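I have placed the structure first, in the form of structure tokens, so that the comments after it can refer back to it.
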Amino acid sequence: MRIAIIGTGYVGLVTGACFADLGHTVICVDIDRERVEKINRGEAPFYEEGLEELLKKHVPERLRATTSLEEAIRDSDVSFISVGTPSGLMDYIDLKYVEEVSRGIGRCLRTKDEYHLVVVKSTVVPGTTEHSVLPLIEKYSGKKAGRDFGIAMNPEFLREGSAIHDFMYPDRIVIGAIDERSAEILKELYKDFTCPIMVTDPKTAEMIKYATNSFLATKISFINDIGNICKQLGIDVYEVARGMALDSRISPEFLRAGIGFGGSCFPKDVKALVGKAKEVYYRPVVLNAALELNETQPLRLIELLEKRVGPLRDRHVAVLGLAFKPGTDDMREAPSIKVITSLLMKGAVVHAADPKAVPVARRIFGEHERLKLYTDAKEAVKRCKYVLIVTEWDEFRDEELYRGKIVIDGRRVPEARVAEHYEGVCW
Ligand code: NAD
């Protein structure tokens, strides 16, 4: 098939590269010219394992990028909207990018004679595809959904750090379509995938994505809650989790206690669902509790350090990990931001290390005389007696980093136990 991908972030570009690898012709669109030029040189604009190799393999024959939405819609049969859907004010989702693209697609379809399928891949709150995307495309194209063009919602479940693998081998594919024709085109596109394919209406597909992310986020906050109690009682929450996971009703996934969830999805998606619930006068108690616990969990690292060593003013503290998880340079809503900001506010000198995310951290924090950034953790810990573990990169699984140090661990890194003093955030 000829596929257009609109928005070349983690989801869009991975989707495009994988479809190209599956033999389709892909044209990627982005408003970021620099990003487009990079993609056309076969370079990945962000770090994701295996992505650059796929781009090198398929650019320019099967995958190219452009800033022209018009060219992309003209040269494709199916287009995927995969622009960002950030948090807006008061927990509400900000749909401005999705709406802008919908208007743009509408204008392009005005002059296109052939049938075209528009697929929403961005995570959007229930109702968006049918009540926002569809009417905008109808309005700006002057055409009729279901007759002149199709509409579907196809949520993405990939995880940064293993995005290509997750896209190629998903647990399931969810297709929320307004009609059979739209659903059939997507079923054809995914026909070589062996996982279950569920076809439903768009708002159910939208809700499946939110419910999934909210469930996983809640599971993390749940085990952190248990961990915080366990620590007070002298019980190892990892032993508790192991015992829980032996129950066939509970999987061991997302049951690792620590400093909580971050990233571009969980925090904003749970908030967006809380925001959507507000519209229908419902206050989701469980979701709010999951968010509340996650707000303060990273700061426990600092609380525990202060308890041990006293005020942190002018003390040199190493922070191991900037990315919200290993395998990515993404720092959106990363716990490291809260930890570093709080340390700086307390007057500490911070030496932070991350193998991939240092350039991203530079953009976030700018130049700060009390914040030093390193790609090599050994350099970061050199001048520090105190070490906080924030991201579980393999690079941090080195006993040498921790000997003679006072370590507060947010991620359960076993090598850190050789420290002079070792303590887990909730174990
Ligand atoms: P991102 O912020 O990394 O990328 C979005 C891209 O869209 C940017 O390159 C931006 O320049 C581009 N863009 C914005 N407006 C545009 C326009 N008018 N035309 C063309 N391009 C435009 O976003 P992401 O992390 O890939 O997320 C995209 C969507 O997928 C979000 O809704 C997110 O919730 C969802 N999602 C993300 C993940 C993840 O792990 N990142 C996983 C599943 C779902």
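If you scan the range 251-267, which residues turn out to be touching a helix residue (DSSP H, G or I) at 6+ places or on another chain (Cβ under 9 Å) and either within 14 Å of the ligand (Cβ to nearest atom) or more than 24 Å from VAL413 (Cα to Cα) (or both)? Hits for the range 251-267 are PHE261, GLY262, SER264, CYS265, PHE266, PRO267. Whether a residue is within 16 Å of the ligand (Cβ to nearest atom) and not assigned by TED's automatic domain parsing to the domain that holds PHE46 was assessed, and PRO326 passes this test.
Taking ARG300 as the residue in question, decide whether it is touching a strand residue (DSSP E or B) at 6+ places or on another chain (Cβ under 7 Å), at pLDDT 95 or above, closer than 23 Å to ALA257 by Cβ and in a helix (DSSP H, G or I). In short, no.
None of ALA352, ALA380 is of a type in the set (Gly, Ala, Ser) and either in a loop (DSSP other than H, G, I, E, B) or out of contact with any helix residue (DSSP H, G or I) (no Cβ under 8 Å at 6 or more places or on another chain) (or both) except ALA380.
Only one residue in CYS18, CYS28 is without any contact (Cβ under 8 Å) to a residue 60 or more places away in the chain, hydrophobic (A, V, I, L, M, F, W, C) and closer than 20 Å to GLU160 by Cβ. Which one? Please lay out each step first, then the result.
Working: CYS18 fails: without any contact (Cβ under 8 Å) to a residue 60 or more places away in the chain.
Just one listed residue meets the conditions, CYS28.
From the list LYS271, LYS276, the lone residue that is within 16 Å of the ligand (Cβ to nearest atom), assigned to a helix (DSSP H, G or I), within 17 Å of LEU216 (Cα to Cα) and at pLDDT 95 or above is LYS271.
The lone criterion from (1) in contact with a Cys (Cβ under 9 Å, 6 or more places away or on another chain); (2) not in a loop (DSSP other than H, G, I, E, B); (3) not basic (Lys, Arg) left unmet by LEU343 is number (1). Restricting the range 138-167 to residues that are out of contact with any strand residue (DSSP E or B) (no Cβ under 6 Å at 6 or more places or on another chain) and of a type in the set (A, V, I, L, M, F, W, C), the residue that is farthest from the ligand (Cβ to nearest atom) is ILE164. Residue check: SER132 meets all listed conditions (1) more than 13 Å from the ligand (Cβ to nearest atom); (2) touching a residue at least 40 places away in the same chain (Cβ under 8 Å) but one, namely (2).
The values are calculated or read from the model by the stated rules, or taken from the named source; none is laboratory data. This is a predicted model, so every value here is computed, not measured. Don't worry about glycine lacking a Cβ; one is built from the backbone with ideal geometry, like all the others, and counts go over all protein chains shown.
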